[in-house]
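See structure below.
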Amino acid sequence: MACETASVSEVSSSQAHKRIGQNIRKFRKRCGMTQEVLAEKANLHPVYISQVERADRAITIDALLRITKALGIRLRDAVGDL
């Protein structure tokens with residue numbers, strides 16, 4: 001059964017937010033987008049994008065899905081190997 005064999009991640013919540021923010025920044029820059037352009041494409045505020053990239057704010061699932069769609073990446077690309 002999957003629940004019995006699943007391992008618990010050793011990554012803390014703050015580490016997870018930091019990794020996600022770093023990945024979003026990496027893909028945003030790779031796409032040549034500013035935070036403002038990404039925010040517009042994802043229908044989010046540029047300050048929110050900045051806060052997420054710096055791990056100053058926890059990202060919501062909804063925002064993460066909007067950002068990944070705007071960047072043209074898969075959800076697992078944004079979360080990495082958490």
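The values are calculated or read from the model by the stated rules, or taken from the named source; none is laboratory data. It should be emphasised that the depicted structure is a prediction, and the values quoted were computed from it without experimental measurement. Every residue, glycine among them, receives a Cβ derived from its backbone with ideal geometry; neighbour counts consider all protein chains shown.
Quick notes
- Residues of region 18-34 classified as over 12 Å from Leu71 (Cβ atoms), part of a helix (DSSP H, G or I) and of a type outside the set (D, E, K, R), total: 3
- Candidate set: region 44-80, residues that are over 12 Å from the mean Cα position of the chain (by Cα) and assigned to a loop (DSSP other than H, G, I, E, B); chosen: the one surrounded by the most Cβ atoms within 10 Å (Cβ to Cβ): Leu44
- Any hit, region 2-10, residues being at pLDDT 95 or above and either at positive phi or out of contact with any helix residue (DSSP H, G or I) (no Cβ under 9 Å at 6 or more places or on another chain) (or both): no
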